[in-house]
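Student: Attaching a single structure in structure tokens format; questions to follow.
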Amino acid sequence: MNAPVAAPPATFDCRQAFAETLIELAKADERIVAVCNDSVGSSNLGGFQKAFPDRLVNVGIAEQNMVGVAAGLSNGGFVPFVCCASPFLTGRALEQVKADIAYNGYHVVLCGMSPGMAYGELGPTHHSIEDLSWLRAITDLSIVVPADPAQTSAAVRWSVEYGKPSFLRVGRTKVPSVSEGQAEPFVFGKANRLREGSDLTIVVTGILVARALEAAEALAAQGISARVVNIATIAPLDEAEIIAAARETGAIVTVEEAVVSGGLGAAVAEVVVRHHPVAMRLLGVPGFAPTGDTGFLLDHFGLNRDGIVRAALELRG
Amino acid sequence: MSLEFSAEVPTPEGLSNLSPSDRAARLSDIARAVRRSVVRMIDSARAGHIGGDLSVTDILTTLYFGVLKLDPAEPLAPGRDRFILSKGHCAAALYSALALRGFIDPALLPTFMKPLSVLNGHPNRRKVAGVEANTGPLGHGLPIAVGSAIASRLSGRNWQTFVVTGDGELQEGSNWEAAMSAGHRGLDNLCVIVDRNRLQQGARTEDTNRLDPLTDKWAAFGWEAVEVDGHDHAALYELFTRPRSGKPLAIVANTLKGKGVSFIEDRVEWHHKVPSAEQVALALEELR
């Protein structure tokens with residue numbers, strides 16, 4: 001008799017949770033508007049547009065104006081959700097994000113849709129692997145990277161109450177839920193320790209959280225106890241959780257779908273060197289990607305179970 | 001520092017009852033006070049953008065003292081008119097107008113650009129009441145103003161939004177993104193005033209990156225576009241208060257950079273040159 005084969009876990013496009021939550025909140029809160037750049041479809045705003053046609057401001061293909069318009073809407077008492085493919089929101093309109101939103105302190109929710117290498121074969125022009133680095137250099141801007149639908153929904157709710165500028169990285173790459181068993185899927189500024197461990201810590205964000213959990217399972221089979229910490233709030237970082245990881249496990253692997261110069265790994269390293277230096281490995285995207293779909297590219301760059309395991313074994317020497 | 005500011009704060013309400021000629025005369029008096037304040041602030045700071053401050057003064061004066069519905073006691077009143085100075089480097093003129101209008105304590109003006117002053121070289125809404133947007137990088141004010149105009153409609157509060165850009169600033173492409181969307185939406189609650197002094201930092205605009213025919217450009221983007229003498233208070237007042245329907249209004253205000261001080265007027269080197277003590281005295285004499 002064959003052993004039963006476990007069905008692969010259900011996976012989800014976080015844009016759906018994003019859009020459903022936004023519509024639900026907008027029904028009760030007339031301040032909420034959406035601003036986009038001809039991206040109604042790619043930002044999954046069709047339902048919002050149908051429910052609130054007047055509150056969907058589509059400026060066309062004009063990202064600088066898009067972010068400025070959001071600042072003006074905030075000045076006028078609205079809470080704009082700027083929905084735009086992350087490379088163009090954070091790259092084309094970076095000065096507007098800095099000056100119009102962060103420096104002004106306007107309560108605008110910048111939603112970087114389809115970030116990382118979600119646009120796979122479209123290539124590096126459409127990848128957003130620099131966003132975390134660029135945005136982390138901007139003070140007065142909080143950066144949130146939800147890992148699954150529950151975190152996405154909770155982050156959208158939080159962002160309306162927050163009252164200050166924020167950036168949400170909303171993935172389109174399908175991911176399994178990683179929030180089961182969590183008392184609260186997302187608390188702003190707080191890391192989620194998804195798995196206890198004592199030999200090293202994998203610090204991970206976004207769509208790669210599930211892969212980090214797989215790596216921890218594989219490491220356990222080799223007798224290595226890996227802690228897994230999901231960092232949904234990149235800025236401000238939960239420094240206490242990082243310091244605890246360094247003190248209690250003595251080694252850290254960071255994993256992100258982004259360049260490592262300035263992103264999550266760099267943020268963690270900045271805390272570690274100040275408080276409790278330990279050996280680290282920073283996994284991320286090392287350069288402009290070759291042609292390939294998202295899954296291929298993640299594997300190509302070792303952003304998967306085996307790549308994380310390899311880095312962990314190197315660290316434990 | 002005596003600012004010679006009137007104890008009685010002039011307001012649009014107070015001016016609306018005057019005859020057009022009396023109103024223009026009063027605005028002219030206020031504009032001279034703003035210009036004197038600008039010269040003193042730049043003298044005190046030993047820095048600033050005197051040429052553009054003086055070219056935009058009559059536009060600011062007409063707006064703040066003749067047109068904008070504002071209340072210094074409630075600077076964030078939801079239905080207030082919005083004014084955005086996109087050419088944020090001319091903060092000295094803005095601060096002077098805000099002080100005369102009752103938003104800023106005039107005693108703060110001598111701290112302009114001094115360490116830890118709230119009066120930065122470019123305005124900051126988080127520090128200075130009456131400032132609507134932190135401008136400085138060029139090409140940012142008009143998109144924010146478009147957002148404000150959309151918000152005015154959506155909220156049903158129907159405030160007016162005015163934004164002043166420099167002319168050299170229009171070389172930034174973001175302005176034309178915003179112009180296109182305002183024209184497309186027919187935002188007739190929005191007015192842009194271009195401070196057309198024809199000089200940018202390094203040279204004349206037309207020798208650097210040509211802007212003319214400028215009114216045609218605005219018209220092509222779906223705006224009602226007009227030219228005016230940017231130092232004619234009566235003509236500016238008439239344009240600002242004229243009923244509009246269906247289109248945003250672009251006013252190309254022909255100005256002199258350095259207006260009011262003979263040795264500064266229309267000279268490119270005075271973009272951000274600081275006058276000597278002797279020149280300050282001469283300037284204040286001319287602006288009496």
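Student: Answer yes or no: is there a residue in region B:175-183 that is among the aliphatic types (A, V, I, L, M), crowded, with 21+ Cβ neighbours inside 10 Å and more than 29 Å from A:Leu56 (Cβ to Cβ).
Tutor: Within region B:175-183 (the criterion being among the aliphatic types (A, V, I, L, M), crowded, with 21+ Cβ neighbours inside 10 Å and more than 29 Å from A:Leu56 (Cβ to Cβ)), the answer is no, since none of the residues qualifies.
Student: Let me ask something additional. Specify which of the listed residues (B:Arg80, B:Arg125, B:Arg153, B:Arg157) is at pLDDT 95 or above and under 27 Å from B:Leu18 (Cα atoms).
Tutor: Testing whether each residue is at pLDDT 95 or above and under 27 Å from B:Leu18 (Cα atoms) leaves just B:Arg80.
Student: In addition: Can you confirm whether B:Leu94 is surrounded by fewer than 24 Cβ atoms within 10 Å (Cβ to Cβ), touching a strand residue (DSSP E or B) at 6+ places or on another chain (Cβ under 8 Å) and of a type in the set (A, V, I, L, M, F, W, C)?
Tutor: Here the answer is no, as B:Leu94 does not meet what is asked.
Student: Residues in region A:60-67: is at least one more than 10 Å from every other protein chain (Cβ to nearest Cβ), surrounded by fewer than 24 Cβ atoms within 10 Å (Cβ to Cβ) and not basic (Lys, Arg)?
Tutor: The answer is no; no qualifying residue exists.
Student: Among the numbered criteria (1) more than 23 Å from B:Ser155 (Cβ to Cβ); (2) at pLDDT 95 or above; (3) within 12 Å of another protein chain (Cβ to nearest Cβ), which single criterion is violated by A:Asp38?
Tutor: Going through (1) more than 23 Å from B:Ser155 (Cβ to Cβ); (2) at pLDDT 95 or above; (3) within 12 Å of another protein chain (Cβ to nearest Cβ) one by one, A:Asp38 breaks only (2).
Student: Given the condition without any contact (Cβ under 8 Å) to a residue 40 or more places away in the chain, in the same structural domain as A:Ala99 (by TED's automatic domain parsing) and at positive phi, answer yes or no: does some residue in region A:159-173 qualify?
Tutor: Scanning region A:159-173 turns up no residue that is without any contact (Cβ under 8 Å) to a residue 40 or more places away in the chain, in the same structural domain as A:Ala99 (by TED's automatic domain parsing) and at positive phi.
Student: Something else now. Give B:Arg267, B:Arg198 a once-over and let me know the one that is at positive phi, touching a helix residue (DSSP H, G or I) at 6+ places or on another chain (Cβ under 9 Å) and not aromatic (Phe, Trp, Tyr).
Tutor: Answer to the selection: B:Arg198.
Student: Sticking with this structure for a sec: Which count do you get for residues in region A:145-170 that are of a type in the set (A, V, I, L, M, F, W, C) and farther than 11 Å from A:Val109 by Cα? Let's see the steps before the verdict.
Tutor: So the first thing to find is which residues in region A:145-170 are of a type in the set (A, V, I, L, M, F, W, C), and the list is A:145, A:147, A:150, A:154-156, A:158, A:160, A:167-168, A:170.
Of the ones still in play, those that are also farther than 11 Å from A:Val109 by Cα are A:145, A:147, A:150, A:154, A:170.
Residues that pass the stated criteria total 5.
Student: Oh, and also: Taking region B:232-255 only, how many residues are within 11 Å of B:Asn197 (Cα to Cα) and surrounded by 21 or more Cβ atoms within 10 Å (Cβ to Cβ)?
Tutor: Within region B:232-255, residues that are within 11 Å of B:Asn197 (Cα to Cα) and surrounded by 21 or more Cβ atoms within 10 Å (Cβ to Cβ) number 3.
Student: Turning to a different aspect of this structure: State whether one or more residues within region B:82-105 are in contact with a Gly (Cβ under 8 Å, 6 or more places away or on another chain) and at positive phi.
Tutor: Taking every residue of region B:82-105 in turn, none turns out to be in contact with a Gly (Cβ under 8 Å, 6 or more places away or on another chain) and at positive phi.
Student: Now for a different question. Just wondering, is there one or more residues in region A:119-131 that are surrounded by 24 or more Cβ atoms within 10 Å (Cβ to Cβ) and charged (D, E, K, R)? Let's see the steps before the verdict.
Tutor: To start, the set of residues in region A:119-131 that are surrounded by 24 or more Cβ atoms within 10 Å (Cβ to Cβ) comprises A:127-129, A:131.
Among the residues that remain, those that are also charged (D, E, K, R) are: A:131.
So far as region A:119-131 goes, yes, one or more of its residues are surrounded by 24 or more Cβ atoms within 10 Å (Cβ to Cβ) and charged (D, E, K, R).
Student: Condition (residue is in contact with a Cys (Cβ under 8 Å, 6 or more places away or on another chain) and more than 30 Å from A:Ser179 (Cβ to Cβ)) applied to region A:48-57: is it met by at least one residue?
Tutor: Looking through region A:48-57, at least one residue is in contact with a Cys (Cβ under 8 Å, 6 or more places away or on another chain) and more than 30 Å from A:Ser179 (Cβ to Cβ).
Student: Please determine, by comparing only the residues of region A:1-40 that are surrounded by 20 or more Cβ atoms within 10 Å (Cβ to Cβ) and more than 30 Å from B:Met180 (Cβ to Cβ), which one is farthest from the chain's Cα centre (by Cα). Walk me through it before giving the result.
Tutor: So in region A:1-40, the residues surrounded by 20 or more Cβ atoms within 10 Å (Cβ to Cβ) come out as A:14-15, A:17-19, A:22, A:26, A:32-37, A:39.
Imposing the further condition that a residue be more than 30 Å from B:Met180 (Cβ to Cβ) reduces the set to A:14, A:17.
On the way: A:Cys14: 11, A:Ala17: 14 Å.
The qualifying residue farthest from the chain's Cα centre (by Cα) is A:Ala17.
Student: Going through region B:72-90 one residue at a time, which ones are touching a Leu at 6+ places or on another chain (Cβ under 9 Å) and surrounded by fewer than 19 Cβ atoms within 10 Å (Cβ to Cβ)?
Tutor: Across region B:72-90, the qualifying residues are B:Pro72, B:Ala77, B:Arg80.
Student: Applying the selection to region B:118-153, what residues are free of Cβ contacts under 8 Å to residues at least 24 places away in the same chain and small (Gly, Ala, Ser)?
Tutor: B:Gly147, B:Ala151 - these are the residues of region B:118-153 that are free of Cβ contacts under 8 Å to residues at least 24 places away in the same chain and small (Gly, Ala, Ser).
Student: Could you check A:Glu248 against (1) within 17 Å of the chain's Cα centre (by Cα); (2) within 25 Å of A:Glu184 (Cα to Cα); (3) not hydrophobic (A, V, I, L, M, F, W, C) and say which number it fails?
Tutor: (1)
Student: Still on this structure, please answer the following. Quick check on my filter: what residues within region A:49-59 are at the interface with chain B (Cβ under 7 Å from one of its Cβ atoms) and either out of contact with any helix residue (DSSP H, G or I) (no Cβ under 8 Å at 6 or more places or on another chain) or over 23 Å from A:Asn104 (Cβ atoms) (or both)?
Tutor: A:Asp54
Student: Of these, B:Asp229, B:Asp212, which one is charged (D, E, K, R) and under 18 Å from B:Ser55 (Cα atoms)?
Tutor: On the way: B:Asp212 fails: under 18 Å from B:Ser55 (Cα atoms).
Sole residue among the options that is charged (D, E, K, R) and under 18 Å from B:Ser55 (Cα atoms): B:Asp229.
Student: Report yes if A:Val253 is surrounded by 18 or more Cβ atoms within 10 Å (Cβ to Cβ), over 14 Å from the mean Cα position of the chain (by Cα) and closer than 17 Å to A:Lys190 by Cα, otherwise no. Outline the logic, then answer.
Tutor: Details: surrounded by 18 or more Cβ atoms within 10 Å (Cβ to Cβ): yes; over 14 Å from the mean Cα position of the chain (by Cα): yes; closer than 17 Å to A:Lys190 by Cα: no.
Considered against the rule, which asks whether it is surrounded by 18 or more Cβ atoms within 10 Å (Cβ to Cβ), over 14 Å from the mean Cα position of the chain (by Cα) and closer than 17 Å to A:Lys190 by Cα, A:Val253 comes out as no.
Student: Follow-up. Which condition number in (1) buried (at least 24 other Cβ atoms within 10 Å of the Cβ); (2) outside any loop (DSSP other than H, G, I, E, B) is the one that A:Val273 fails?
Tutor: (1)
Student: Return the total of residues in region A:94-148 being of a type in the set (D, E, K, R) and within 14 Å of chain B (Cβ to nearest Cβ).
Tutor: Summing the residues that are of a type in the set (D, E, K, R) and within 14 Å of chain B (Cβ to nearest Cβ) in region A:94-148 gives 4.
Student: I'd like to check which helices (runs of 4 or more DSSP H) are fully inside region B:1-92 and have at least 3 residues that are of a type outside the set (Lys, Arg) and without any contact (Cβ under 8 Å) to a residue 60 or more places away in the chain.
Tutor: B:12-16, B:20-45
Student: Further question on the same structure: On the given criteria, is B:Phe263 touching a residue at least 12 places away in the same chain (Cβ under 8 Å), more than 29 Å from A:Ala93 (Cβ to Cβ) and either within 14 Å of chain A (Cβ to nearest Cβ) or crowded, with 18+ Cβ neighbours inside 10 Å (or both)? Steps first, please.
Tutor: Values: touching a residue at least 12 places away in the same chain (Cβ under 8 Å): yes; more than 29 Å from A:Ala93 (Cβ to Cβ): yes; either within 14 Å of chain A (Cβ to nearest Cβ) or crowded, with 18+ Cβ neighbours inside 10 Å (or both): no.
So B:Phe263 fails the test.
The values are calculated or read from the model by the stated rules, or taken from the named source; none is laboratory data. All values derive from a computational prediction rather than experimental measurement. All Cβ positions, glycine included, derive from the backbone under ideal geometry; neighbour counts span all protein chains shown.
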